[in-house]
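Written out below as structure tokens is the structure these notes cover.
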Amino acid sequence: MYRLTTRTRAGTVTAIAALGLVIAGLALPAFASRGVIQDLFFILTMLTLAQIWNLLAGYGGLVSVGQQAFVGIGAYAMFAGVILLGWNPVWAIPLGGLAALVLAVPTAFFAFRLQGAYFAIGTWVIAEVTRLLVAQWKTLGGGTGTSLPREATSNILGTDLIRALFSVREAAARDILAYWLALVLVVAVTGGIYWLLRSRLGLALSAVRDNVEAARSVGVDAGRIKWAVFLIAAAATGLTGALIFLQTARISPDAAFAVTDWTAYVIFIVVIGGIGTIEGPILGVIVFFVLRSALADYGSWYLMTLGLIAIAVMLFAPKGLWGLISARSGLHLFPVRRKLVGLKIEGGN
Amino acid sequence: MIWLDTLVQGILLGGLYALFAAGLSLVFGIMRLVNLAHGDLIVFAAYLVLLGVTMLGLSPWIAALVAMPLMFGLGWLLQTVVLNRVLGKDILPPLLVTFGLSVALQNGLLEAFSADSRRIPAGALEGASLDLGLVTVGVMPLLTFVSAIVVIVALNGLFYHTALGRAFRATSDDAVTAGLMGIEPKRIFAIATGIAMVVVTIAALYLGMRSNFDPSIGPARLIYAFEAVIIGGLGSLWGTLAGGVIIGVAQTFGAAVNPEWQILAGHIAFLIVMLLKPRGLFPRAVD
Amino acid sequence: MLLQTHGLIANYGQFRALFGVDIAVAAGECVAIIGANGAGKSTLMRSITGVLRNDAGMVLHRGEPIGALSSAEVMQRGIAMVPEGRRLFPSLSVEENLLIGGQVRKASGPWNLEAIYDLFPILRERRRNPGTALSGGQQQMVAIGRALMSNPELLLCDEISLGLAPVVIRDIYAALPKIRAGGAAIVVVEQDIGKALAVADRVYCMMEGRVTLAAKAADVTRQQIHTAYFGEAA
Amino acid sequence: MILRLENVSKSFGALKVTDAVTVSVPRGEALGIIGPNGAGKSTLFNLITGNVLANEGRIEFLGRDVTRAPAMERVRMGVGRSFQIPQPFEGLTVFENLLTAAAFGRGGREADMVDACARILEDTELLKKANVVAGSLSLLDRKRLELARALATGPELLLLDEIAGGLTEGECRALVETIRDIHARGTTIIWIEHVLHALTSVVERLLVLDFGRVIGVGAPDEIMASKEVREIYLGLEV
Amino acid sequence: APAIAQGAKIRLGYVSPQTGPLAGFAESDAYNIKAFLDSDAGKNCEVIVKDSQSNPNRAAEVAKSLIVDDEINLMLVGSTPENTNPVATTCEAEGMPVISTTAPWQPWFIGQQGNPGDPSSWKPFDFAFHYFWGLEDIIAVYTGMWKQLDTNGKVGGLFPNDADGNAWGDPKNGLKPGLEAAGFSLTDPGRYQNLSDDFTAQVNAFKAANAEIVTGVVIPPDFTTFWNQARQQGFKPKAVTVAKAILFPQSVETLGDAGHNLSSEVWWSASHPFKSSITGQSSAELAADFTAKTKRPWTQPIGFSHSLFEVAANVMGRVSDPTDAEAIAAAIAATDMSTVVGKVAWNGVGVPPFAAKNVCKTPLVGGQWRKKDGGGFDLVIVENANAPEIPTAGKMEALA
Ligand SMILES: Nc1ncnc2c1ncn2[C@@H]1O[C@H](COP(=O)(O)OP(=O)(O)OP(=O)(O)O)[C@@H](O)[C@H]1O
Ligand SMILES: Nc1ncnc2c1ncn2[C@@H]1O[C@H](COP(=O)(O)OP(=O)(O)OP(=O)(O)O)[C@@H](O)[C@H]1O
Ligand SMILES: CC(C)C[C@H](N)C(=O)O
Ligand SMILES: [Mg+2]
Ligand SMILES: [Mg+2]
């Protein structure tokens, strides 16, 4: 007699469009120039990081300023897999996720004792500690950093196939592979978050965010949910870090654990776009990319503009750009509302 | 002997960190504002003092005195025009705004002053030292430490023995009820940020005389300042000094073992304190 | 009229708590506002004092609209509040809690530290304690004293007997006539009808964000109150 | 006995809010709690649900010692509650509020949960508002939601904190009917209420709290007639 | 016809830290690029400059975009390993020829190896070429300077945990073995992090070792902190010979009187007896012209920034197809020319076999900063045993 549905027209359209986009995205290397592929790689990896951070802060209430710890450890683990264990870089990427997961356990144990601003700063300090420890890892170059050896970068799994498929040079094949992996990752992460929000866990997350006390009183284990979200986020961040640095082929502690690149810009993307929505980071990463492409050649003026835009958006559109749009239009591209359908029920979204 | 020296130098270094942190402590304590631009504001103030020295030919001390009211005004404006509008239960908006400010400030300074490493000249004081028998200490670090204590005593006096300080504490406890007492929380916040900027100027003076600065060095010190504030406990100024000293001593002892451990030891000291006392050494009864 | 509201409407987000409330308080008068839990009494107090932005309607102080003023500005016009739940400042001592009440507005009048210590002698003994280390009743005394320190023309008291022992309530209620004698008008928000009626000249009863009864305290019957509270007779 | 409290005490700082409370509730009973503001009624609920942990004493639920058990564990064992000040998940719809409670407090297959939630919504007259965001509900509906959400956890023991306050007489009667129904289906109920006629028309026993102490337990008539209660609680001059 | 004389413009990519802490290295870029483009050699070239913001992530990224989006023919890069290494790694992976400079060759070459600790795993590069000097030259120059003084031969070392510091401080491939061979002993308390606020541990270690000489590769703020603390804590070495910290006259000036007689290696100066192959200017003329046009004092990186374009012009003058990366790499390897920083030829002279293919060395001498009467400092060359063609202008003096 009663039914639960999360379907809306906008949601269905989005799903179909997304499917189309992903297929187009997979086929893109056949048509697009390397420049486009590389730009997309950047966009996709930043989007992945942004979605993950949004899951943490926007849905889980965990404002971490230490995500660079997981990017960095993931990247270093990948390098270790390649250089020390002689693995193929593609197989070393999951090692990055694993390393981040392992690091997340003590981090969570420590950081969950802290609240709010303390939590933010605690995670930052842990990331610093990780950076300083990794900087002492002499076999991977210590503070100097290290580069992926040529024989590793030229033998990446699947690049031969891609070269044959698109008849491109080796470096371009590597780009395409990395791009595909980034596409898969972003789809998995975004899809995973979307699925999570539509699952029981999503309800629990919202409940905890709205009212911890009440959430406990209906049986939600707030602590376990925070752990789960934090660990998942860390592992996914580690994978992304490994992928990013596979593409760079060079690593150093300062680069891998850069708070500005891997956390501050990511926060910028999420908050400018609209925190607590899946649409927000997507919009945010586009804004960020456009700003960067348009202004990056202006050196310090670019960064100054970026800073001022962050301030302006917070003053005039505290819910981000997607917040403005959805408030006006009521649009939700990724509906997570569970609606009860049946007789005698009114009320829309 | 060497350990005593290490201890003394660590304590003196803690004075510098406490100076960096005192302004932050005030602002963080009163309005829970995580100001990511604090380090850059210190650098900004250092340039202001430097301008006074190079352009007006003032002594650094006088230049700092001149810079103080300017910085107070800047803090007031910053709080009134920007920060007051984003303060709230959610820590993110101020986080992003101050991050934006930090980036904008760093690059604005770069445009204005170039990447050259600069320094506030302190003349003979730079190398001057005092032989205390067992240890030899630099006059400048000693002065820094004494200034940190003076700043903290002054802020404490202000905080606990004046009507303004009472308003600070009341607003910090409960801004809404403070409003019912006729206190405008936003005005109080603006004054607090102004005062924090005066302290920032003092920190800038010592930072600039101790070593070189350039537009990019702000963030490196920010994290120590936060650690000092948090170790001490929200709103406890003496706690902030203690926090600075703990980090300073941990750093010098870490370095004495091996310089590789210097910075790490400071952070680890912070983590240990947080593990044992998640609300800091001298937490307030209620926050 | 010292204070008047006209068609006051207030919302918490999307939730409407006041639906057009009209009340009036004359100088020197004591008015009681009664009503069940969640009737909107505290919301009315918050709207008057500017803690909550009222979305429509008017608040007039001596005929001038004050609805747009901040709570600090309202207070500086001589309207002091004893907020629900006392809300002492935990980092301030008892004496400082009192002092801060008269720090910004310093009107001349009968109330100063000494007068308050005379009104509530126990506070003199505890002046150095942190405000929150006191018993609930003592805290309530501090909250009242704090509001009096500015020598207000109008004192708003939100549930000053909440959670207090009957003896303490008696002491606190005994202070109200002394406060009136000092010249201030008083609004008491109460759930305890008996207490409220005993001190008030007039009474308003609220239900679900509306005033359902306005009457002279002396005239009001239990039946009237009951109807105003619960909608119909039991 | 479904619930036993033995010498349970709780202090907030120097304030002793619950003072050596001992009480047993047989399975299937409806127990009413009354007492002046601040007597410690809500705190007693918080102790039973685990939202607040006791300083002393022992709490047993279904024969198991749950004194230290966290709140969510007790919910899953069958302790459901409403909050005196409604605490809806404001960002979720009414239905999602219930779904959360059903999914985590009771568990089970999704289809069963949906039907169960819909039935509870019907019982509590919230069905029409099922898809409305809880943050925009009126006080009355918030109170209904409190009850509905507590029911959705599938409680054996249902704790209701002042859910009748502010209701009109008609609404109050409907509420009483609903609670009677729930009770009739075998759920044990403890109900804190100031609206006495509503309370007394449902409960079999009344417990009076004052300053954290139990000052009387017994049949409603007896209790209401006792001098102490008339003085302390009703404020009626005897 | 050589590429440089053909119709299509040759596209040179240039990654430089225009902003951020390394910006000092890039201050002459605009000046040098303009001079290059105005010269005959530059007529047919286009230089696309990208700012690395002193950030290694960004350096790799812009290098990639230069290669992919701007389709450059040759990459040029300089300004410390933080900038050269990510760019060179990217180019090597992309098969893009790159000419790199202004970083000692060890942190450049070894720093780009997968496992820097294991020499047997080191591999030469196909597309990355570097010219500068190496630690063996530093050792020769520094010990040459110190031998002019009367010291006990005990040296204290300040090496941070960064690319330079790790290379200089490496116990096997760094300064230590060379100093010992020259009769000096090195006390190395260990790697510290850049932007440390306290150097008591180092001062104590140096005091305990009775060091009379301090050396190292230190960023300017850290050196100031160290030097102040050393004086405050009563440590008075006879010679302080450090790299990086006192590279720029501005940095020395910030030290005030304490800058007098600090010494450092000199890779280029206004008195180097070399001429530009594209403008024909002597070193002195180049320096003077720079100062005239920018109102800034000359600095050592100017010569190297200039020489990058000399080498690029020379290389592109010897290839016929500017898009043929292999041919360009071969042309770089075959370079043999004179530049304003000296002779540049990848002929393996003075370079160990493993790096011989990719590294070329330019001359290095030693200098000491002397306070001028009217204020400011002069860099006086005091040691030239390795490069006698560069004249000295004085003798090494002990610190007061
Ligand atoms: N901050 C708030 N956010 C949302 N709703 C609120 C808030 N404060 C009060 N309310 C709601 O507004 C309504 C009126 O509340 P108010 O506190 O004014 O009632 P009251 O008459 O003072 O009740 P009590 O006797 O319990 O103090 C209630 O339904 C309450 O739930
Ligand atoms: N978390 C807490 N911290 C400090 N004091 C508390 C806390 N919770 C309750 N109290 C105090 O405990 C006392 C009892 O509160 P409780 O809410 O149990 O009363 P109640 O009997 O439910 O009253 P009411 O009828 O007004 O709901 C009150 O004085 C209250 O202020
Ligand atoms: C105030 C109420 C408790 C009285 C009600 N009329 C009754 O008799 O039940
Ligand atoms: Mg109220
Ligand atoms: Mg209660």
Q) Which of the following residues is at pLDDT 90 or above, within 14 Å of chain C (Cβ to nearest Cβ) and under 30 Å from C:ARG210 (Cβ atoms): D:LEU145, D:LEU139? A) D:LEU145
Q: Looking only at region C:83-91, decide whether some residue is over 30 Å from C:PHE15 (Cα atoms), more than 16 Å from ligand 4 (Cβ to nearest atom) and modelled with pLDDT under 90.
A: yes
Q) Within region C:43-58, which residues are outside any loop (DSSP other than H, G, I, E, B) and within 16 Å of ligand 4 (Cβ to nearest atom)? A) C:THR43, C:LEU44, C:MET45, C:ARG46, C:SER47, C:ILE48, C:THR49
Q: May I ask you to list pairs of residues, at least six apart or on different chains, whose Cβ atoms are under 7 Å apart, with the first in region C:183-203 being away from chain D (no Cβ under 14 Å) and the second being away from ligand 2 (no atom under 16 Å from the Cβ) and among the aromatic types (Phe, Trp, Tyr)?
A: C:VAL199/C:TYR173
Q. When both residues are 6+ apart or on different chains and their Cβ atoms are under 9 Å apart, which pairs have a first residue that lies in region D:93-113 and is within 8 Å of D:THR153 (Cα to Cα) and facing chain A (nearest Cβ under 7 Å), and a second that is in a loop (DSSP other than H, G, I, E, B) and open to solvent by 10 Å² or more (accessible area, probe 1.4 Å)?
A. D:ALA101/D:GLY154; D:PHE104/A:ASP221; D:GLY105/D:GLY154; D:GLY105/D:PRO155
(Q) For the list (1) of a type in the set (Val, Ile, Thr); (2) part of a loop (DSSP other than H, G, I, E, B); (3) surrounded by 24 or more Cβ atoms within 10 Å (Cβ to Cβ), I need the number of the one condition that D:ILE33 fails. (A) (2)
Q) Would a scan of region E:365-378 turn up a residue that is within 26 Å of E:PHE36 (Cα to Cα) and either hydrophobic (A, V, I, L, M, F, W, C) or not in a strand (DSSP E or B) (or both)? A) no
Q) Are there any pairs, at least 6 apart or on different chains, whose C-beta atoms fall under 6 Å, with the first in region D:131-144 and farther than 24 Å from A:PRO335 by Cβ and the second open to solvent by 20 Å² or more (accessible area, probe 1.4 Å) and of a type in the set (Asp, Glu), and if so, which? A) none
Q | Restricting region C:178-198 to residues that are under 14 Å from the mean Cα position of the chain (by Cα) and over 20 Å from C:ALA36 (Cβ atoms), the residue that is nearest to ligand 4 (Cβ to nearest atom) | A | C:ILE186
Q | Filter result for A:VAL259 (of a type in the set (A, V, I, L, M, F, W, C), under 15 Å from E:ASN57 (Cβ atoms) and open to solvent by 30 Å² or more (accessible area, probe 1.4 Å)) | A | yes
Q) Can you name every residue in region A:177-188 that is touching a residue at least 60 places away in the same chain (Cβ under 8 Å), under 12 Å from the mean Cα position of the chain (by Cα) and open to solvent by 20 Å² or more (accessible area, probe 1.4 Å)? A) A:LEU185, A:VAL187
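Only one of these is under 20 Å from the mean Cα position of the chain (by Cα), over 21 Å from D:ARG142 (Cβ atoms) and either facing another protein chain (nearest Cβ under 8 Å) or among the hydroxyl-bearing types (Ser, Thr, Tyr) (or both): D:ARG76, D:ARG58. Name it. Give the derivation first.
Values: D:ARG58 fails: either facing another protein chain (nearest Cβ under 8 Å) or among the hydroxyl-bearing types (Ser, Thr, Tyr) (or both).
Just one listed residue meets the conditions, D:ARG76.
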Q: Would you tally the residues in region C:40-63 being within 16 Å of C:VAL211 (Cα to Cα) and either within 16 Å of ligand 5 (Cβ to nearest atom) or touching a helix residue (DSSP H, G or I) at 6+ places or on another chain (Cβ under 6 Å) (or both)?
A: 2
Q: Could you check, for region C:123-131, whether at least one of its residues is open to solvent by less than 10 Å² (accessible area, probe 1.4 Å), assigned to a helix (DSSP H, G or I) and at pLDDT below 85?
A: yes
Q. Of all the residues that make up region E:8-28, how many are part of a helix (DSSP H, G or I) and surrounded by fewer than 24 Cβ atoms within 10 Å (Cβ to Cβ)?
A. 1
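With open to solvent by less than 30 Å² (accessible area, probe 1.4 Å), within 14 Å of chain B (Cβ to nearest Cβ), within 15 Å of ligand 1 (Cβ to nearest atom) and hydroxyl-bearing (Ser, Thr, Tyr) as the only criterion, which of C:THR5, C:THR49 stands out? It would help to see each step written out before you state the result.
Working: C:THR5 fails: within 14 Å of chain B (Cβ to nearest Cβ).
None of the others qualify; the one that does is C:THR49.
Of all residues in region D:36-62, count the ones that are small (Gly, Ala, Ser), assigned to a loop (DSSP other than H, G, I, E, B) and either touching a Ser or Thr at 6+ places or on another chain (Cβ under 8 Å) or modelled with pLDDT of 90 or more (or both).
Keep residues of region D:36-62 that are small (Gly, Ala, Ser), which gives D:38-40, D:42, D:50, D:54, D:57.
Of the ones still in play, those that are also assigned to a loop (DSSP other than H, G, I, E, B) are D:38-40, D:50, D:54.
When the remaining residues are screened for being either touching a Ser or Thr at 6+ places or on another chain (Cβ under 8 Å) or modelled with pLDDT of 90 or more (or both), the result is D:40, D:50, D:54.
Of the residues in that region, 3 qualify.
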Q: Select from region E:232-283 the residues that are open to solvent by less than 30 Å² (accessible area, probe 1.4 Å) and either part of a strand (DSSP E or B) or at positive phi (or both) and list them in ascending order.
A: E:ALA239, E:VAL240, E:THR241, E:VAL242, E:ALA243, E:GLY256, E:ASN261, E:SER263, E:SER264, E:GLU265, E:VAL266
Q: Determine if region E:60-67 includes at least one residue that is open to solvent by less than 10 Å² (accessible area, probe 1.4 Å), of a type in the set (Val, Ile, Thr) and modelled with pLDDT of 85 or more.
A: yes
(Q) For B:GLY127, only one of the following conditions fails: (1) in contact (Cβ under 8 Å) with a residue 12 or more places away in the chain; (2) at the interface with chain E (Cβ under 7 Å from one of its Cβ atoms). What is its number? (A) (1)
Q.
Residue under question is A:THR144, and the condition is that it be within 14 Å of chain E (Cβ to nearest Cβ) and over 18 Å from the mean Cα position of the chain (by Cα); does it hold?
A. yes
Q) A:THR5 versus (1) more than 14 Å from chain D (Cβ to nearest Cβ); (2) modelled with pLDDT under 85: which is the lone unmet condition? A) (1)
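Among the listed residues E:VAL340, E:VAL349, E:VAL319, which satisfies the condition of being among the hydrophobic types (A, V, I, L, M, F, W, C), touching a Lys or Arg at 6+ places or on another chain (Cβ under 9 Å) and at pLDDT below 90? Working first, answer last.
Details: E:VAL340 fails: at pLDDT below 90; E:VAL319 fails: touching a Lys or Arg at 6+ places or on another chain (Cβ under 9 Å).
Exactly one of E:VAL340, E:VAL349, E:VAL319 is among the hydrophobic types (A, V, I, L, M, F, W, C), touching a Lys or Arg at 6+ places or on another chain (Cβ under 9 Å) and at pLDDT below 90, namely E:VAL349.
Quick check on this structure: which one of C:GLY38, C:GLY13 is open to solvent by 40 Å² or more (accessible area, probe 1.4 Å), within 16 Å of ligand 4 (Cβ to nearest atom) and at the interface with another protein chain (Cβ under 9 Å from one of its Cβ atoms)?
Details: C:GLY13 fails: within 16 Å of ligand 4 (Cβ to nearest atom).
After ruling out the rest, the residue left standing is C:GLY38.
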(Q) Among the residues of region B:90-123, what is the count of those that are facing chain A (nearest Cβ under 9 Å), outside any helix (DSSP H, G or I) and without any contact (Cβ under 8 Å) to a residue 24 or more places away in the chain? (A) 1
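The values are calculated or read from the model by the stated rules, or taken from the named source; none is laboratory data. On a predicted model such as this, the values are computed, not experimentally measured, just so you know. Ideal geometry is used to build each Cβ from the backbone, glycine not excepted, and the neighbour counts take in all protein chains shown. For accessibility, only protein heavy atoms count, side chains too; no ligands or nucleic acids. Shrake-Rupley method; radii C 1.70, N 1.55, O 1.52, S 1.80 Å.
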